[in-house]
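A.B. asks: Please see the structure below; I have some questions.
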Amino acid sequence: MNKKNNLLQCPNPQTECKECPIRKMALFRDVPEDDLGWMQEFRNSQYLLPAREILFRQGETAHTLYTLFDGWLIIFKILDNGKRQILRFLLPGDFFGFQVNSIGPTGGYLHSSLALMDSTLCAFPTTQLRLMMEKQPQLAIRLAEMEMHDMNLCQHHLIGTGRKNAQERIAFLLLELFHRVRLQKQNDYDESSNSIIFPLTQEDIGDAVGLTSAHVNRTLREMEKKGWTQCQGKYLTIRNEEALSKTGQFDPRIIISKPLI
């Protein structure tokens, strides 16, 4: 595992796989209960990553795979012109770190990753992924399902960047994250106000949908004036989901991972 001064090992006792509250959303969802003790032997440890700290950088040797246990992360690329493109937002249960630029132990990460808030991660050696799948073939099926789901969302965002205006792009992103939090980070959802904890800055939103921070600011103010949303104080409140869904052409069913077989 790469040495990272900003990555701190969680104190004991750490969460055991058989007691994991996010397992129903994670890669190990379909592992039989009797095999969870064996699977835990593959886990290095649980780690804490402070808000706005880098987990790994594009090109670094990919020694470690991760499941996000708690918090928010992004994966992103820095372009040659210095601009940042956010590729994906990570929430509890998401598995990442296996996309590398070559085969074998010297493969480098294809992108960078950063925590948007204090986060907890479960770490697994990259070299053990093949063995884990040989021992538990359902892991390969589950990983394919998760990748299929992420690719579907990626294609929606690609269409948005190419064919939608600012309001349509942002509406789609806000609803995607709103529904994913309700599914994957339920304690961060307040039903009485229909709001979620939302650690994104306007720069983060802009870097995800291909807009400047100033353009994001104007668009969010327009949405607030229409009574659709309120994004304030690290909270996102959805006030008119019907109008927002119509504008963003968003169907909440796309956030549900479908069985591969």
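The values are calculated or read from the model by the stated rules, or taken from the named source; none is laboratory data. All values derive from a computational prediction rather than experimental measurement. FYI the Cβ positions are ideal-geometry reconstructions off the backbone, even for glycines, and counts take in every protein chain you see.
A.B. asks: Looking only at the range 128-142, count how many residues are of a type in the set (S, T, N, Q) and out of contact with any Asp or Glu (no Cβ under 8 Å at 6 or more places or on another chain).
C.D. replies: The total comes to 1.
A.B. asks: Can I ask one more? In the same structural domain as LEU129 (by TED's automatic domain parsing), modelled with pLDDT under 95 and surrounded by 21 or more Cβ atoms within 10 Å (Cβ to Cβ): does that describe VAL100?
C.D. replies: no
A.B. asks: Among LEU129, LEU121, LEU116, which is the only one that is closer than 29 Å to GLY37 by Cα, in contact with a Leu (Cβ under 9 Å, 6 or more places away or on another chain), modelled with pLDDT of 95 or more and surrounded by 14 or more Cβ atoms within 10 Å (Cβ to Cβ)?
C.D. replies: LEU121
A.B. asks: Filter the range 21-44 down to the residues that are modelled with pLDDT of 85 or more, in contact with a Phe, Trp or Tyr (Cβ under 8 Å, 6 or more places away or on another chain) and more than 17 Å from LEU73 (Cβ to Cβ) and list them by number.
C.D. replies: Result: PHE42, ARG43, ASN44.
A.B. asks: Considering only residues of the range 177-204 that are within 17 Å of the chain's Cα centre (by Cα) and hydroxyl-bearing (Ser, Thr, Tyr), which is farthest from GLN85 (Cα to Cα)?
C.D. replies: TYR189
A.B. asks: Scan the range 35-43 and tell me whether some residue there is surrounded by fewer than 14 Cβ atoms within 10 Å (Cβ to Cβ), of a type outside the set (Phe, Trp, Tyr) and assigned to a loop (DSSP other than H, G, I, E, B).
C.D. replies: The answer is yes; a qualifying residue exists.
A.B. asks: Tell me, which residue of the range 103-113 that is at pLDDT 90 or above and part of a loop (DSSP other than H, G, I, E, B) is surrounded by the fewest Cβ atoms within 10 Å (Cβ to Cβ)?
C.D. replies: Top of the filtered list is LEU110.
A.B. asks: Now for a separate question. Checking THR120 against (1) part of a helix (DSSP H, G or I); (2) not assigned by TED's automatic domain parsing to the domain that holds ARG221, which single condition isn't satisfied?
C.D. replies: For THR120, the exception is condition (1).
A.B. asks: What strands (runs of 3 or more DSSP E) lie completely within the range 180-261 and have 2 or more residues being within 17 Å of ALA166 (Cα to Cα)?
C.D. replies: 229-232
A.B. asks: Condition first: within 30 Å of LEU27 (Cβ to Cβ), surrounded by 15 or more Cβ atoms within 10 Å (Cβ to Cβ), in contact (Cβ under 8 Å) with a residue 40 or more places away in the chain and not polar (S, T, N, Q). Can you find one or more residues in the range 133-140 that meet it?
C.D. replies: Scanning the range 133-140 turns up at least one residue that is within 30 Å of LEU27 (Cβ to Cβ), surrounded by 15 or more Cβ atoms within 10 Å (Cβ to Cβ), in contact (Cβ under 8 Å) with a residue 40 or more places away in the chain and not polar (S, T, N, Q).
A.B. asks: Residues in the range 46-62: is at least one small (Gly, Ala, Ser), under 20 Å from GLY108 (Cα atoms), outside the structural domain of GLN184 (by TED's automatic domain parsing) and surrounded by fewer than 16 Cβ atoms within 10 Å (Cβ to Cβ)?
C.D. replies: yes
A.B. asks: Identify, from the list GLU224, GLU241, GLU176, the residue that is of a type in the set (Asp, Glu) and without any contact (Cβ under 8 Å) to a residue 12 or more places away in the chain.
C.D. replies: After applying the criteria, what remains is GLU224.
A.B. asks: Quick one: LYS164 ticks every box in (1) closer than 18 Å to PHE28 by Cβ; (2) of a type outside the set (Asp, Glu); (3) more than 16 Å from the chain's Cα centre (by Cα) bar one, so which box is it?
C.D. replies: (1)
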